[in-house]
Amino acid sequence: MNAWALPGAAAAFWAGVLAWQVRPAWIHPWMGMTLGLAALVGAWLAAPRRLADADALEMAGLAAQAPAAVSVVGSTRTVRGSPIAAVALVLFGLLALGLGWAGVHAAWLDGSLLSRLAPRRVTVVGTLHTDPVAGAFGWHATLDITRIGWSGGAATLRSSLWLSADGDPPPWVRGDEISAEGVIRRPDDPAFSDALAHMGMAVEMNGDRVSRLGPSPSPFVRAAQVFRAFVGRSIGRLFPEREAGLLLGLVLGDASQLDAGMMRDFQGSGLGHLLVVSGENVAMVLAPMLGLASLLRLTRWPRFGLGVGTVAFFVVMTGAEPSVMRAGVMATLALVGVLIGRPRATGSILAGAVLVLLVLDPWLVWSIGFQLSVTATAGMVALASAIGDRLRRFVPAPVALAAGTTLAAQLGVTPILLFHFHEVPGVTIIANLMAFPAVSPALLLGLAAAAIGLASVAIGHLIAALALIPMRYLEWVADRLAKAPVGHVTSGGGPAVLVIGAAVIVGLAWALHRRWRPPRPVVVLAVAAFPLVVWSSAIGVGPPSGLVVRFFDVGQGDAALVTSPAGVDILVDGGPDQEVVATDLAALGVKRLDVMVATHPHADHIIGLPTVLGRVPVGLVLEPGCPETSAIQADLDTAIADEHVPVRYPRAGDTVTVGDVRLDVLSPDRCWVGTNSDPNNDSLVIMLHYREDTVLLGGEPEQPAQQVLLDEHAPLHAELLKVPHHGAATSLPEFFQAVEADLAVISVGQPNDYGHPKQSTLDAIATTGAQIWRTDQHGDIIVTFGSQGISVRSDR
């Protein structure tokens with residue numbers, strides 16, 4: 001029971017913090033705190049006790065106390081109590097305390113000075129909690145405020161806000177002290193407001209005057225900044241650019257210089273966790289320092305101080321990422337246990353660290369990095385040794401240990417990954433097993449090269465050359481396995497994923513530790529059913545009997561997949577999110593794309609395409625090829641070049657035939673200049689033919705380009721129309737009349753800041769008799785062409 005005490009307590013407190021978001025409105029923080037304390041007192045009263053029997057005369061003070069020898073052999077009696085009731089009350093009490101504690105923090109956030117000042121123009125001074133990074137517009141970072149001033153007042157405080165500004169990210173780093181002037185406001189978008197609240201922030205600021213005042217005012221943080229800068233410069237001097245970016249990610253969790261294609265490869269193969277600082281990094285840094293302490297024969301207290309100091313320095317240097325804080329607190333608790341001569345099991349240390357961190361910052365429960373770190377560690381605690389013991393019968397002990405640890409960690413994080421990202425690459429376990437032997441050599445040799453290179457560049461280069469061997473092996477593994485023809489485990493998300501996943505892991509842990517073997521009939525039935533499952537899955541992802549066009553619900557953007565009976569797969573645009581379309585393709589079992597069409601270089605159409613290129617082999621890319629200098633287009637061009645995919649820039653009159661599908665390019669006839677939106681008018685407009693079936697992929701041509709199509713008498717008539725520009729008021733009514741579609745699909749998000757689709761456009765389409773379907777109302781829209789005509793369905 002003792003082994004489960006702290007884990008149970010941590011789980012109950014965690015659940016209580018989460019429960020604050022779904023509580024009835026009439027529950028207030030003080031209710032949770034009061035109820036929790038009362039439950040803990042009740043648990044103490046309900047707990048059974050064993051006390052020595054006492055003589056009534058002794059208790060009354062009328063007789064001398066019995067000698068000690070007699071007391072030792074005296075009888076004992078158990079005071080009535082229920083251990084089950086006591087445990088239940090403890091867990092309920094901690095759950096209630098977690099709920100109340102989260103409520104206290106939420107109330108503080110709502111009533112904070114920043115919340116009361118918004119919206120008002122202010123000047124703030126604080127330190128950067130995160131490095132500035134580029135966003136969709138300008139850059140953003142998290143700022144920990146120490147001083148604030150406004151018209152008529154000023155104050156000192158400890159709070160945080162979301163800071164954004166125009167332009168490119170400045171070359172500042174976390175810990176730098178900056179001044180910012182602008183208007184603070186509560187976000188209008190409820191989703192963004194909730195996201196900020198889950199990070200402990202209530203307001204955002206768009207700074208129109210932002211300047212750096214200097215390095216961190218804390219000497220400890222400033223020393224960590226200096227060391228981090230030294231290490232970064234040394235790495236940049238000793239390693240090639242790609243490997244320098246990789247090593248900065250491995251050592252410091254700094255992805256700012258990581259090659260975009262390499263990042264996609266690591267994420268697509270399930271190795272993305274290597275690019276963020278984790279508990280493994282803490283262990284690798286702490287172990288040699290403790291070894292040095294042993295060599296110096298330091299006593300307990302100096303060794304403890306060296307260990308805790310090393311952990312604290314590393315946590316600050318890497319920006320106090322949630323996974324590093326978890327590992328740092330665990331390491332500190334372990335050092336305390338050794339110091340007082342009472343070492344604890346890893347599971348208890350993990351649970352203690354979780355409790356400590358949630359008390360300090362309850363919003364960590366919403367951090368995906370914290371969730372993954374805790375569940376990966378919990379998976380290793382519960383399953384690693386048991387899986388390793390089973391594998392020792394088949395492979396050497398070191399391999400079994402590595403495989404058991406990798407499998408256990410992956411099992412622990414899989415429910416979280418499916419809940420948040422809806423997919424787990426099928427090659428993840430293989431990729432992690434292949435990468436495992438190279439991670440430590442790459443990190444340790446890289447660190448050694450960077451450190452020694454500060455004193456001797458020649459020796460640093462020699463060690464760096466050795467470090468390049470495991471690093472390039474990791475690159476090779478990620479690159480090859482990211483596009484391996486292996487399916488992804490996918491889900492629709494939702495709480496059921498977490499509940500079922502947790503039940504499976506708990507059941508597996510119980511079975512492995514109990515050495516339970518399933519009955520023979522169960523094994524026979526599973527073996528017999530497995531081919532049926534595989535066969536049915538294969539049929540489900542096979543080519544359809546007729547042409548199918550699936551319009552993905554990607555919000556305010558466009559993405560569609562065309563599949564033909566001959567197995568041709570064509571992706572038209574990739575939506576405004578980096579992951580959504582790649583995840584949808586994985587869920588559909590798409591292993592290869594014959595053609596990828598990037599209609600025009602706007603973010604809502606092409607942001608998701610580089611990720612698709614990193615995970616799925618592509619035969620040909622079609623794009624307008626008109627001048628465009630945006631970073632978004634540059635990222636796509638880099639991804640195309642990295643994957644060595646041929647590109648064509650077709651013009652009106654060109655034809656591309658793929659299997660049983662023909663693509664006739666109707667527009668553009670040239671690159672437009674001087675219109676309201678040249679990129680929109682440059683958009684590819686393609687008529688897709690399959691036998692007698694026709695689909696007009698409308699892209700985003702506006703009225704000038706549409707007028708050219710009408711003047712040139714382009715063959716626009718089609719059964720299915722993808723409506724241009726999300727139904728904006730930029731189309732000619734005559735264009736819809738010329739198409740005369742039976743079905744018109746509008747890809748549009750909800751809520752929509754642009755007001756798409758416009759009523760005038762809907763009216764113009766309706767006058768043609770076309771049936772209108774919208775992704776904001778129907779979700780994914782699947783159109784199937786058959787012998788009986790067009791059928792349409794949605795996933796809602």
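The values are calculated or read from the model by the stated rules, or taken from the named source; none is laboratory data. Everything numeric here is computed off the predicted structure, so don't read it as measured data. Neighbour counts are summed over all protein chains in view; Cβ atoms, including those assigned to glycine, are modelled from backbone coordinates with ideal geometry. Keep in mind that these areas ignore ligands, DNA and RNA; they rest on the heavy atoms of the full protein, side chains included. Shrake-Rupley method; radii C 1.70, N 1.55, O 1.52, S 1.80 Å.
The criterion of at least 2 residues that are crowded, with 18+ Cβ neighbours inside 10 Å, among the aliphatic types (A, V, I, L, M) and under 40 Å from the mean Cα position of the chain (by Cα) is met by the following helices (runs of 4 or more DSSP H) wholly inside segment 618-735: 631-642. If you go through segment 777-790 and keep only what is part of a helix (DSSP H, G or I) and in contact with a strand residue (DSSP E or B) (Cβ under 8 Å, 6 or more places away or on another chain), you end up with just His778. Scanning for something in contact (Cβ under 8 Å) with a residue 40 or more places away in the chain, under 30 Å from Met289 (Cβ atoms) and within 28 Å of the chain's Cα centre (by Cα), does segment 447-456 turn up at least one residue? Looking through segment 447-456, at least one residue is in contact (Cβ under 8 Å) with a residue 40 or more places away in the chain, under 30 Å from Met289 (Cβ atoms) and within 28 Å of the chain's Cα centre (by Cα). Which of (1) surrounded by fewer than 21 Cβ atoms within 10 Å (Cβ to Cβ); (2) touching a strand residue (DSSP E or B) at 6+ places or on another chain (Cβ under 7 Å) does Val104 not meet, given it meets every other one? So the condition that Val104 fails would be (2).
Taking each residue of segment 596-614 that is under 19 Å from Ala260 (Cα atoms) and without any contact (Cβ under 8 Å) to a residue 12 or more places away in the chain and looking for partners that are polar (S, T, N, Q) and buried (at least 24 other Cβ atoms within 10 Å of the Cβ) with beta-carbon atoms closer than 8 Å, six or more apart or interchain, yields nothing.
Count of segment 154-174 residues, restricted to those that are open to solvent by less than 40 Å² (accessible area, probe 1.4 Å), of a type outside the set (A, V, I, L, M, F, W, C) and either touching a Phe, Trp or Tyr at 6+ places or on another chain (Cβ under 7 Å) or at pLDDT 90 or above (or both), is 4. Considered as a group, the residues in segment 292-320 that are of a type in the set (Ser, Thr, Tyr) and in contact (Cβ under 8 Å) with a residue 12 or more places away in the chain include one that is nearest to Gly175 (Cα to Cα), and that residue is Thr318. Of all residues in segment 226-247, those being in contact with a helix residue (DSSP H, G or I) (Cβ under 6 Å, 6 or more places away or on another chain) and free of Cβ contacts under 8 Å to residues at least 40 places away in the same chain number 2. The set of residues in segment 285-309 that are surrounded by 18 or more Cβ atoms within 10 Å (Cβ to Cβ), modelled with pLDDT under 85 and under 24 Å from Gln225 (Cβ atoms) comprises Val285, Leu286.
Here Val522 meets each of (1) farther than 30 Å from Pro240 by Cα; (2) surrounded by 15 or more Cβ atoms within 10 Å (Cβ to Cβ) with one exception, condition (2). Among residues of segment 390-405 being farther than 17 Å from Thr346 by Cα and touching a residue at least 12 places away in the same chain (Cβ under 8 Å), the one that is surrounded by the fewest Cβ atoms within 10 Å (Cβ to Cβ) is Arg390. If the condition is being in contact (Cβ under 8 Å) with a residue 60 or more places away in the chain, closer than 30 Å to Leu128 by Cβ and of a type in the set (A, V, I, L, M), then segment 321-349 contributes only Val324.
Across segment 744-763, what is the number of residues that are at pLDDT 90 or above and surrounded by fewer than 20 Cβ atoms within 10 Å (Cβ to Cβ)? Residues meeting the conditions: 5. Among residues belonging to segment 108-153 that are closer than 26 Å to Pro29 by Cα and free of Cβ contacts under 8 Å to residues at least 12 places away in the same chain, point out the one that is least open to solvent (accessible area, probe 1.4 Å). The selected residue is Gly111. The numbered conditions (1) within 27 Å of Ala5 (Cα to Cα); (2) over 22 Å from the mean Cα position of the chain (by Cα); (3) touching a residue at least 40 places away in the same chain (Cβ under 8 Å) are all true for Thr377 except (2). Taking the residues in segment 330-352 that are open to solvent by 30 Å² or more (accessible area, probe 1.4 Å) and either among the hydroxyl-bearing types (Ser, Thr, Tyr) or assigned to a helix (DSSP H, G or I) (or both) as candidates, determine which candidate is farthest from Ser373 (Cα to Cα). Among residues in segment 330-352 that are open to solvent by 30 Å² or more (accessible area, probe 1.4 Å) and either among the hydroxyl-bearing types (Ser, Thr, Tyr) or assigned to a helix (DSSP H, G or I) (or both), the one farthest from Ser373 (Cα to Cα) is Val338.
Of all the residues in segment 736-745, those that are closer than 15 Å to Pro757 by Cβ, in a helix (DSSP H, G or I) and not aromatic (Phe, Trp, Tyr) number 0.
Scanning segment 469-482 for residues that are open to solvent by 30 Å² or more (accessible area, probe 1.4 Å) and closer than 15 Å to Pro441 by Cβ yields Ile469, Arg472, Tyr473, Trp476. Note on segment 584-609: residues that are open to solvent by less than 10 Å² (accessible area, probe 1.4 Å) and aliphatic (A, V, I, L, M) total 8.
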